[in-house]
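The values are calculated or read from the model by the stated rules, or taken from the named source; none is laboratory data. Just so we're clear, the structure is a prediction, and the values are computed from it rather than from any experiment. Backbone-built Cβ (ideal geometry, glycine too); neighbour counts: all protein chains shown.
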Amino acid sequence: MRACAVRGSFFASLGLSACSSVQSALAPEGDTARAILQLFWFFTAVCAAVWLIVMVLMVVAVARRRVAVPDPVLEPDPVQERRIGWIIGGGIAATIAIFVVFTIASFLTNKSFAEPRPHGLIVKVTGHQWWWQVDYEAHEPDQTFQTANEIHIPVGQPVKLDFESPDVIHSFWVPNLAGKQDLIPGRYTSLTIEADKPGIYRGQCAEYCGIQHAHMAMYVVAQTASDFSQWRAQQLKPAQAPNNAELRHGQQVFQSGACAMCHTITGTNAGGQVGPDLTHFGSRMTIAAGTARNSLGNLSGWIADPQRMKPYTRMPPVALTGPDLLAVSHYLESLK
Amino acid sequence: MSAGSEPLRDTDLGEAELEARITSLWRTPRGLIGWLSSVDHKQIALRYIVTAFLFMGLAGIGAVLMRLQLATPDAHVVGPDRYDQLFTMHGSTMMFLFAVPIMQAVGLYFVPLMIGTRDVAFPRLNAFSYWMYLFGGLMLWFCFLSNNGPDVGWFSYTPLALTQYNVGHRADFWAQMITYTEVAGLAVAAITIVTVFKMRAPGMTLDRIPVFVWAALVTAFMVLFAMPAVMVASTMLILDRLVNTHFFDVSLGGDSLLWQHLFWFFGHPEVYFIFIPATGFVSTIIPVFARRPMFGHTAVVLSLVATGFLSFGLWVHHMFVTGLPRLGESFFTASSMAIAVPSGVQIFCWIATLWSGRPRFATPLLFVLGFIFNFVIGGMTGVMVASVPLDTQVHDTYFVVAHLHYVLIGGSVFPLIAAVYYWFPKVSGRMLSETLGKWNFWIAFIGFNLTFFPMHILGLEGMPRRVYTYSADMPWGGLNLLSTIGAIIFAFSFLMLFWNIARSLMRGAAAGSNPWDAETLEWATTSPPPPQNFTRIPVVSSLMPLWENRETLPAITGMRADRREVLVGTLTEAEPDLRESSPDPSIWPLFAAIATGITFLWSIYTPWAVIYGALPITITLIGWFWPKGTKEDES
């Protein structure tokens, strides 16, 4: 692969191939993105050829040799003018033909995505300033669960994403899988994605949504069917109970302090609805919507002063003593 | 002059005496009051142009700051708050305070000269429009400098721009800046239309109107039809923010997409307000430097008109990912591609003119060739973003940033600089340095492409727009650094342009009245033109009057020599209809603009300002229109 040099430690630490194409329209891993890329190369080839022809004509036009004419201004030769007129007419006809072909190609590609596809899984994705809420829906209420900034999907099957935004307009975009789709307050939008093979694909909000628009990323984790059902089964469980004194202390700090005002951890008293659900926080790859890798150190730093890592984030700083901070961080990391 | 006696006419006087008399009639009074009262279209247009370039400089510095912030990952040159203000100010300034006004202003300067008249149709309205524009721009930049600049993008999408998500008055300043500049833009549009329709020199029938004048006319009509949409939208936004109307508030029955429809119904034609005058420059410059008449003059004019119409049918291509019906979106793919056809016609005609002419490589032509190079790239990426599937990938990414700068800078600023090199001798009476000009071109050309070409790749590699930083883990560092280096080079090219201008004003070679041996009427008068433009109104018998009549232009006689007088003609044939007096300088337009400006600014804080402000506005308007007992105009 072209640009797959080892880059940074982040993706390597996530077990990725540290490849430059983790968020790229040029490296499609799903049929929608692949069809768009094919169309893109077709447009690019034709456009480049047309551009080249125009440039050659322009260069020849200004550089070709000419007979000297005594008059200050040329009197156009009617025969030549007519000939040029015909050539231009042909050029315009060719231009129109190209645009007709482009429009039809574009329409057909578009139509292929718009056709409803059978899908097994429906995931509701809600955009917030500045994170993604992810709800797995099901007919049976006990089969539903919530997570954040990470969407796991089984490979090889279309997954329907239903979008909602309670605040401002966001845009969901995972370029390796499909084009983007806005999330608009008061409107229903959706997008069907499908991944060919297991992998982790990054996406980020593509519609300017306020001051931390830059740090509103999410990951789509495509897994084999068995890995996916295993993950799902794990996510359906309530949070893991703390099994040592420090974790118990951490849970107690979480529930009795400010944290529980905004965050939910199922199986505990924490039921806040403002921030991300943290029931299985320890299983996630990143914190603060892709701002940093999920590690004990980053997490403690984030809780101690969220405004430093992500200025203007909605999460307020929480005054905790050193031991409390460490206990909460350990506790959250234990929630696999 | 006593009643009943024959007024003094140009036939009663000798050539020298007539010229002195008419010049003193049209001269702007000296002193500060005189300067503030000027109604001379050339002075006002120059003020517009200089002000617009100053705003461009400010917005350009903003762009360089943004590029420095993005040059490396996780940089801290500016924080997110400043960055968001910067990109909002950059876009708003470049569009509303630089590109649209400067294109209109070049028209204000040259349209009367090119059609052989002495001033625009409504000179006082013209003065008023400039002051409104100036106040709007100053207000916006004072807000920014006091860290209170708008931060919701030049497009100010709702609901982000509503009070729930944008506390304080930042978005109000943005919306009110729109009001100021729209008042100015609409005034200039009305002035341009009436001037072109009614004040052309005798004999300048429709088929003898220069291409640039057509471009100014088409643009003026587009402004007239497109600007009300954004004016309504920004007023609705202010009302939502100020008095809790709920046009855009979803939770109370409003609609967040309504804003986008209204904004882009204006916003897309706006791109063409900038581009159409630019093609007018190109079609003016190419024949002069190819040393032959324009190939396909009629086709080029019709292309401008067609572009004007089609530009109103494309706005939805800014909204392809908002979830509108797919079939409806495909219609806008077709219309967006259709608009490339008239542009294609023009490009073919320009190349044909060069092909069959004898091109002379002066700086204006170099910038025009650079324009063709860049604009065709921008046009091609424009065709790509017109395609719904392709747009779903590249929309709101750096690919679009690249595209729009290729169209706006490559397609409009390059012709604008060509126009500066071309017309500067007329405006100042001095030539710009050709050597500096050629350096200026190559540095601008290389800097521009180095800045913006890599952005295409960045967008495809997944970099969204309007992010103040990106992680070192993303593969975007190298191209961003390259782009920043390009931006610094490109910014340097503007310093060269300004240096060239300053140097030339001090010790440039004298230009003479027609240094390029051009064919249109502005070159028939002295450089710089006298206050009255033409002592005798010329009579036109050709599309290229100065190439047809190489010795002297025929002129009409019988104009009065004791008052400011212009000739009003018929719409299509430009047959002289009546002689009309043209208003004298007046300070009242300035007062009216101050009163209106204060009302607009005040109304950000209270709706009552509209009521209280009406009184001073009325007083200034009474002063402005105070009857002077001028006699009826004569047929």
- Could you look through the stretch B:530-549, keep only residues that are crowded, with 20+ Cβ neighbours inside 10 Å and more than 14 Å from chain A (Cβ to nearest Cβ), and pick out the one that is nearest to B:Thr284 (Cα to Cα)? B:Val540
- Quickly run through the stretch B:46-80 and pick out the residues that are within 14 Å of chain A (Cβ to nearest Cβ) and either closer than 14 Å to B:Trp141 by Cα or among the polar types (S, T, N, Q) (or both). B:Gln69, B:Thr72
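Quick grid of which residues meet (1) part of a helix (DSSP H, G or I); (2) closer than 28 Å to B:Ala290 by Cβ; (3) among the aliphatic types (A, V, I, L, M):
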{"site": "B:Val376", "(1), (2), (3)": "yes, yes, yes"}
{"site": "B:Thr392", "(1), (2), (3)": "yes, no, no"}
{"site": "B:Val413", "(1), (2), (3)": "yes, yes, yes"}
{"site": "B:Phe424", "(1), (2), (3)": "yes, yes, no"}
{"site": "B:Gly437", "(1), (2), (3)": "yes, yes, no"}
- Conditions (1) touching an Asp or Glu at 6+ places or on another chain (Cβ under 6 Å); (2) basic (Lys, Arg); (3) away from chain A (no Cβ under 14 Å): number failed by B:Arg503: (1)
- Item | Unique match (being closer than 19 Å to B:Ala278 by Cα, surrounded by fewer than 23 Cβ atoms within 10 Å (Cβ to Cβ) and of a type in the set (Phe, Trp, Tyr)) among B:Phe453, B:Phe445, B:Phe441 | B:Phe445
- Query: Since A:Lys310 meets every condition but one in (1) buried (at least 21 other Cβ atoms within 10 Å of the Cβ); (2) more than 21 Å from A:Tyr219 (Cβ to Cβ); (3) among the charged types (D, E, K, R), which condition does it not meet?
  - Reply: (2)
- Query: Hey, B:Phe371 hits all of (1) surrounded by 24 or more Cβ atoms within 10 Å (Cβ to Cβ); (2) at the interface with chain A (Cβ under 10 Å from one of its Cβ atoms); (3) not aliphatic (A, V, I, L, M) but one; which does it fall short on?
  - Reply: (2)
- Of these, B:Ile622, B:Ile604, B:Ile617, which one is part of a helix (DSSP H, G or I), more than 30 Å from B:Val196 (Cβ to Cβ) and either of a type outside the set (S, T, N, Q) or in contact with an Asp or Glu (Cβ under 6 Å, 6 or more places away or on another chain) (or both)? B:Ile622
- Item | Which listed residue is in a helix (DSSP H, G or I), at pLDDT 95 or above and within 26 Å of B:Asp391 (Cβ to Cβ), from B:Phe445, B:Phe452, B:Phe494 | B:Phe452
- Query: Among B:Gly447, B:Gly437, B:Gly459, which is in contact with a strand residue (DSSP E or B) (Cβ under 9 Å, 6 or more places away or on another chain) and either closer than 30 Å to A:Ser21 by Cβ or not charged (D, E, K, R) (or both)?
  - Reply: B:Gly459
- Message: For the structure I just gave you, tell me whether A:Pro141 is in the same structural domain as A:Leu177 (by TED's automatic domain parsing), more than 20 Å from A:Lys180 (Cα to Cα) and not small (Gly, Ala, Ser).
- Response: yes
- Task: Give the residues of the stretch A:234-248 that are of a type in the set (A, V, I, L, M) and in contact with a Phe, Trp or Tyr (Cβ under 6 Å, 6 or more places away or on another chain), sorted by residue number.
- Result: A:Leu236, A:Leu247
- Message: Take the residues in the stretch A:123-136 that are in contact with a strand residue (DSSP E or B) (Cβ under 6 Å, 6 or more places away or on another chain) and either exposed (fewer than 15 other Cβ atoms within 10 Å of the Cβ) or within 14 Å of another protein chain (Cβ to nearest Cβ) (or both); name whichever of them is nearest to A:Ser190 (Cα to Cα).
- Response: A:Val125
- Kindly indicate the residue of the stretch B:1-51 that is of a type in the set (Gly, Ala, Ser) and part of a helix (DSSP H, G or I) and also nearest to the chain's Cα centre (by Cα) among those meeting that condition. B:Ala45
- Filtering the stretch B:337-360 down to residues that are over 28 Å from B:His317 (Cβ atoms), more than 8 Å from chain A (Cβ to nearest Cβ) and of a type outside the set (Lys, Arg) yields B:Thr353
